Amino acid sequence: MIHETAWVDPDADLAPDVEVGPFSVIGPNVSIGAGAWIGPHVVIQGNTRIAPGVQIFQFASVGAPPQDKKYGGGETFLEVGANTIIRESATLHLGTEEGGGVTRVGADVLVMAYVHVAHDCQVGDHVVLSNAVTLAGHVTVGEHAIIGGMTAVHQFCHIGPYAFVGGASAVSMDVPPFASVAGNRARLYGPNTVGLDRAGFSKETVEGLKRAFKALFHKRRPREQALAELEATADAEIAEVRQVMDFLRQSERGVVR
């Protein structure tokens, strides 16, 4: 299953059925689970843990040292979840000592061509990172989020679960769960109703989120005042609305409006 032109370090840990294509290079501290497919001209290095069923396409660089001048060469890691697909020329880097030490990409994630996942990012399950998305260091992306192509996300930003970020956006503040944002700089357009419908959320939940987004973001009031007023309504009892409210309270960068 390993092409004769590939180079796999003897200390790498590959499941017996892992396929490695021509001219790929796999370093000594790499672990790859069952059923994974590594295409041609792929480089996997560092302390990288790849779960079963992952597919990595040509010219991807996985587990390289972070692009951080403070990185001192310490023992840091990259973890890629099961059945994730990493397309052509994507780059996924190790974590840093100061940033928690681990970069994580969840299960069933689609990482399209030329995507960059920088050090210490935390990407949830079922996320789509479209072509040429750039995640700076320490970015968190919640499960089922979709980020459109050519979008850049500033370091330390949080993108909530089920959020949608339109293509060619510049995200410099946190994106609430279930939100739809776009632009340079990104601005909020309301709930991600298309994504919520596709994911099977109830009509009552979607309507509650619409009212909550209007109360929280469209009336241009101080955050705490808007949260207090929403807290007094029945919508605050909806779990997804509560999730948005908790996200706002925890945001340190401020939230896209």
Take the stretch 102-122 and flag every residue that is closer than 20 Å to ALA186 by Cα and either touching a Cys at 6+ places or on another chain (Cβ under 6 Å) or open to solvent by 10 Å² or more (accessible area, probe 1.4 Å) (or both). HIS116
Listed by first then second residue, the pairs whose first member lies in the stretch 69-81 and is touching a residue at least 24 places away in the same chain (Cβ under 8 Å), whose partner is part of a loop (DSSP other than H, G, I, E, B) and of a type in the set (A, V, I, L, M), with beta carbons under 7 Å and at least 6 positions apart or on separate chains, are THR76/LEU94; PHE77/LEU94; LEU78/LEU94; VAL80/ALA51; VAL80/VAL54; GLY81/ALA51; GLY81/ALA107; GLY81/VAL109
Of the residues in the stretch 20-36, how many are surrounded by fewer than 18 Cβ atoms within 10 Å (Cβ to Cβ) and over 26 Å from the mean Cα position of the chain (by Cα)? 3
Check the stretch 72-82 and report whether any residue there is open to solvent by 60 Å² or more (accessible area, probe 1.4 Å) and in a loop (DSSP other than H, G, I, E, B). yes
Cβ-Cβ under 8 Å pairs, at least 6 apart or on other chains, the stretch 222-248 side more than 15 Å from PRO191 (Cα to Cα), far side exposed (fewer than 14 other Cβ atoms within 10 Å of the Cβ): ALA226/LYS219; LEU227/ARG249
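May I ask you to list the residues in the stretch 1-44 that are of a type in the set (Phe, Trp, Tyr) and outside any strand (DSSP E or B)?
Pass one, the stretch 1-44, residues of a type in the set (Phe, Trp, Tyr): 7, 23, 37.
Selection gives PHE23 alone.
Looking at the stretch 130-170 only, could you name the residues that are β-branched (Val, Ile, Thr) and part of a strand (DSSP E or B)? Talk me through it step by step, then tell me what you get.
Taking the stretch 130-170 first, the residues β-branched (Val, Ile, Thr) are 133-134, 139-141, 146-147, 151, 153, 159, 165.
Answer for the stretch 130-170, where residues must be β-branched (Val, Ile, Thr) and part of a strand (DSSP E or B): THR134, THR140, VAL141, ILE146, ILE147, VAL153, ILE159, VAL165.
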Given (1) aliphatic (A, V, I, L, M); (2) out of contact with any Lys or Arg (no Cβ under 9 Å at 6 or more places or on another chain); (3) over 19 Å from ASP108 (Cα atoms); (4) open to solvent by less than 20 Å² (accessible area, probe 1.4 Å), identify the lone condition not met by VAL54. (3)
The stretch 228-242, residues that are buried (at least 18 other Cβ atoms within 10 Å of the Cβ) and part of a helix (DSSP H, G or I): LEU230, ASP235, GLU240, VAL241
Scanning the stretch 203-227 for residues that are part of a loop (DSSP other than H, G, I, E, B) and either of a type in the set (Ser, Thr, Tyr) or within 22 Å of VAL153 (Cα to Cα) (or both) gives none
Residue, farthest from ARG220 (Cα to Cα), within the stretch 233-257, restricted to residues that are under 21 Å from the mean Cα position of the chain (by Cα) and of a type in the set (Val, Ile, Thr): VAL244
Residues of the stretch 158-191 being touching a residue at least 40 places away in the same chain (Cβ under 8 Å), touching a strand residue (DSSP E or B) at 6+ places or on another chain (Cβ under 7 Å) and open to solvent by less than 20 Å² (accessible area, probe 1.4 Å), in sequence order, are GLY160, VAL171, ASP174, VAL175, PRO176, PHE178, ALA179, VAL181, ALA186, LEU188
Of the criteria (1) more than 24 Å from GLY124 (Cα to Cα); (2) in a strand (DSSP E or B), which one SER180 fails: (1)
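The values are calculated or read from the model by the stated rules, or taken from the named source; none is laboratory data. All values reported here derive from a predicted model rather than from experimental measurement. All Cβ positions, even for glycine, are placed from backbone atoms using ideal geometry, and neighbour counts span all protein chains on display. Each accessible area value is taken on the protein alone, full model and side chains, heavy atoms only, with ligands, DNA and RNA left out. Shrake-Rupley method; radii C 1.70, N 1.55, O 1.52, S 1.80 Å.
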